[in-house]
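The values are calculated or read from the model by the stated rules, or taken from the named source; none is laboratory data. All values derive from a computational prediction rather than experimental measurement. Every residue, glycine among them, receives a Cβ derived from its backbone with ideal geometry; neighbour counts consider all protein chains shown. To get the accessible areas, we keep the full protein, side chains included, count just its heavy atoms, and leave off ligands, DNA and RNA. Shrake-Rupley method; radii C 1.70, N 1.55, O 1.52, S 1.80 Å.
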Amino acid sequence: MPKVVVDVMPKPEILDPQGKAVQGALPRLGFSGVVDVRQGKRFELEIDGEVTDEVLAQVHEMAEKLLSNPVIENFAVSVLDGDRGAEDGAR
């Protein structure tokens, strides 16, 4: 079955306390060189049948209405093609 992925991230102007906590913990764990961390969400949707333009439009609608908060988050929709993802579009 094909998979469609929705990646949701806070908008750049929105504070990300979870990302800042991870960024602060990395040096204490011996990791260096990371200058910023943003934490988001990933949804993998298995699709019954072919991924058509209509299906992708429905996924965009799902992302706008349920999977993300458009006031504070952006999302990107992509179609997984085996082990690699093919970008469909971002908002």
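See the values below:
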{"read-out": "C-alpha long axis of helix 53-62 to longest principal axis of the chain, angle in °", "value": "40 degrees"}
{"read-out": "Packing-based ranking, highest mean first, of 32-40, 70-78, 16-24 given that Cβ atoms within 10 Å are counted", "value": "70-78, 16-24, 32-40"}
{"read-out": "Accessible area (Å², 1.4 Å probe, nearest 10) - residue 42", "value": "130 Å²"}
{"read-out": "From phi via Karplus (6.51, -1.76, 1.60), per-residue ³J(HN,Hα) for region 3-20 in Hz, x at Gly/Pro", "value": "10, 10, 10, 10, 9, 10, 10, x, 4, x, 7, 8, 4, 10, x, 5, x, 5"}
{"read-out": "Cleavage-rule hits, GluC sites (Glu not before Pro), region 4-55, DSSP coil, Cβ neighbours within 10 Å at most 11", "value": "13, 50"}
{"read-out": "The chain: Cα Rg divided by the 2.2 N^0.38 Å rule of thumb", "value": "1.28"}
